[in-house]
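Visitor: I have a structure here, written as structure tokens, and I will follow up with some questions on it.
The values are calculated or read from the model by the stated rules, or taken from the named source; none is laboratory data. The structure displayed is predicted, hence computed values, not measured ones. Cβ coordinates were reconstructed from backbone atoms using ideal geometry, including for glycine residues, and neighbour counts include every protein chain displayed.
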Amino acid sequence: MLDNSIPTDSCLVSGATVSTDIETLYCNHHDWLQVWLRRRLSSAVDASDLAHDTFVRVLVSGRMPNAEQSRAFLTQIAKGLAVDLYRRRAIEEAYLAALAQLPENLAPSAEERVLALQVLLLLDTALGSLPSRVREVFLLSRLDGLTYSDIAQRRGISVATVRKYMLRAAQACHCVLNSPTGTAP
């Protein structure tokens, strides 16, 4: 007997009517969304994954679009997930390129590489949740090695504001690294 609580790709549920909004949304738009994503990503596998993740995001959020706005709603979520996918891959590629520059005897183990990449992705999530000015100040300090007064002068803000932004960025990084879900509050 077919379980009516799980939508199928064809959405033909043996004579039973689809009972929930998410099932209806899935049935009406999953195939379209997957084709739309495949065209943009040039990868059937990535398109399938992101289509699935889009509906999971809708399900978890509990927000349902109006019928007329369903595709726009799903497209907005899918675009955000695609940006996240590309950002994650760019971080991974940059990390692997940096590792390739290390002498073999200093290279981390496979387990250490995975853990470091997970931390980098969490920090990217934390920094991505911040306003751009706060993120820029943090990156100028931590990546470019600028002093607070140099940053203040370059950005046209006070040193006190730089301190405030640095504290905010550090708190976001701390929260995401210590959160069981790996998300910033």
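Visitor: If I ask for residues that are in a helix (DSSP H, G or I) and of a type in the set (D, E, K, R), which ones from region 134-185 would you list? Break it down into steps so the answer makes sense when it comes.
Guide: We begin by selecting, within region 134-185, every residue in a helix (DSSP H, G or I); these are 134-142, 148-155, 159-178.
Correct list: Arg135, Glu136, Arg142, Asp150, Arg154, Arg155, Arg163, Lys164, Arg168.
Visitor: Kindly check whether there is at least one residue in region 146-163 that is in contact with a Phe, Trp or Tyr (Cβ under 6 Å, 6 or more places away or on another chain), on the phi < 0 side of the Ramachandran plot and either at pLDDT 95 or above or not assigned by TED's automatic domain parsing to the domain that holds Arg87 (or both).
Guide: First, pick out the residues of region 146-163 that are in contact with a Phe, Trp or Tyr (Cβ under 6 Å, 6 or more places away or on another chain): 159, 162.
Pick out the ones that are also on the phi < 0 side of the Ramachandran plot and you get 159, 162.
The next check asks that each one be either at pLDDT 95 or above or not assigned by TED's automatic domain parsing to the domain that holds Arg87 (or both); those that pass are 159, 162.
Yes, that holds for at least one residue.
Visitor: If you don't mind, there's one more thing I want to ask. Scanning for something over 30 Å from Trp36 (Cα atoms), touching an Asp or Glu at 6+ places or on another chain (Cβ under 9 Å), in contact (Cβ under 8 Å) with a residue 24 or more places away in the chain and surrounded by 15 or more Cβ atoms within 10 Å (Cβ to Cβ), does region 150-161 turn up at least one residue?
Guide: Among the residues of region 150-161, not one is over 30 Å from Trp36 (Cα atoms), touching an Asp or Glu at 6+ places or on another chain (Cβ under 9 Å), in contact (Cβ under 8 Å) with a residue 24 or more places away in the chain and surrounded by 15 or more Cβ atoms within 10 Å (Cβ to Cβ), which makes the answer no.
Visitor: Would a scan of region 92-107 turn up a residue that is part of a helix (DSSP H, G or I), touching a residue at least 12 places away in the same chain (Cβ under 8 Å) and not assigned by TED's automatic domain parsing to the domain that holds Gly80?
Guide: There is no residue in region 92-107 that is part of a helix (DSSP H, G or I), touching a residue at least 12 places away in the same chain (Cβ under 8 Å) and not assigned by TED's automatic domain parsing to the domain that holds Gly80.
Visitor: Here is a follow-up. Here's a check for you: in region 109-128, which residue that is out of contact with any Lys or Arg (no Cβ under 9 Å at 6 or more places or on another chain) and not aliphatic (A, V, I, L, M) is surrounded by the most Cβ atoms within 10 Å (Cβ to Cβ)?
Guide: Result: Thr125.
Visitor: Which number in (1) aliphatic (A, V, I, L, M); (2) modelled with pLDDT under 90; (3) surrounded by 13 or more Cβ atoms within 10 Å (Cβ to Cβ) marks the one condition that Ala98 misses?
Guide: (3)
Visitor: Still on this structure, I have one more. Quick one: which residue in Leu74, Leu50 is under 28 Å from Leu117 (Cβ atoms) and surrounded by 13 or more Cβ atoms within 10 Å (Cβ to Cβ)?
Guide: Values: Leu74 fails: under 28 Å from Leu117 (Cβ atoms).
So the residue among Leu74, Leu50 that is under 28 Å from Leu117 (Cβ atoms) and surrounded by 13 or more Cβ atoms within 10 Å (Cβ to Cβ) is Leu50.
Visitor: Looking only at region 57-86, which residues are of a type in the set (S, T, N, Q), modelled with pLDDT under 90 and not in a loop (DSSP other than H, G, I, E, B)?
Guide: We begin by selecting, within region 57-86, every residue of a type in the set (S, T, N, Q); these are 61, 66, 69-70, 75-76.
Filter once more, keeping what is modelled with pLDDT under 90: 61, 66.
If the condition is that a residue be of a type in the set (S, T, N, Q), modelled with pLDDT under 90 and not in a loop (DSSP other than H, G, I, E, B), then Ser61 is the only one that fits.
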